[in-house]
């Protein structure tokens, strides 16, 4: 059996621990329900903020499924292209959900750290979605370099 996961150097990609958890559980018992496994992980890791994180996962999954006339869609970590297929309303909803998740988990440092880590993927998407800005002495950027540094430095 072969399962492919995230291989980003220095820390994995969006929800990489969730993906690894679900893959491992399904390899152990392929009869398990994937949605149940996701809910089990989200509840265990994100604590009181779990319902908001689950809503974000569900919203992203609904938006990026193939067959929406867009074909296969990805937002790659090292690709500065715009992710126009994600509407501003989705990113705004994500921000609201993560704000609520952080507030709900404020008294649980472990869950709060995991929520903030999960939020980095939204931050990256927001930066990709933003119009380029012109620094005083360089080409236009969306702030992606700073976001990459924040993602790579998380937890170190």
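The values are calculated or read from the model by the stated rules, or taken from the named source; none is laboratory data. These numbers come from a predicted model, not from an experiment. All Cβ positions, even for glycine, are placed from backbone atoms using ideal geometry, and neighbour counts span all protein chains on display.
Of the residues 111, 134, which single one is crowded, with 16+ Cβ neighbours inside 10 Å and either modelled with pLDDT under 95 or closer than 22 Å to residue 17 by Cβ (or both)? Talk me through it step by step, then tell me what you get.
Working: 134 fails: crowded, with 16+ Cβ neighbours inside 10 Å.
Testing whether each residue is crowded, with 16+ Cβ neighbours inside 10 Å and either modelled with pLDDT under 95 or closer than 22 Å to residue 17 by Cβ (or both) leaves just 111.
When you go through 124, 85 one by one, which is the residue that is more than 14 Å from the chain's Cα centre (by Cα), modelled with pLDDT under 85 and under 20 Å from residue 57 (Cβ atoms)?
Details: 124 fails: more than 14 Å from the chain's Cα centre (by Cα).
85 is the lone residue from the list that is more than 14 Å from the chain's Cα centre (by Cα), modelled with pLDDT under 85 and under 20 Å from residue 57 (Cβ atoms).
For region 40-59, give me the residue count where each residue is surrounded by fewer than 20 Cβ atoms within 10 Å (Cβ to Cβ), closer than 10 Å to residue 97 by Cα and either in contact with a helix residue (DSSP H, G or I) (Cβ under 6 Å, 6 or more places away or on another chain) or at pLDDT below 95 (or both).
Total satisfying the criteria: 2.
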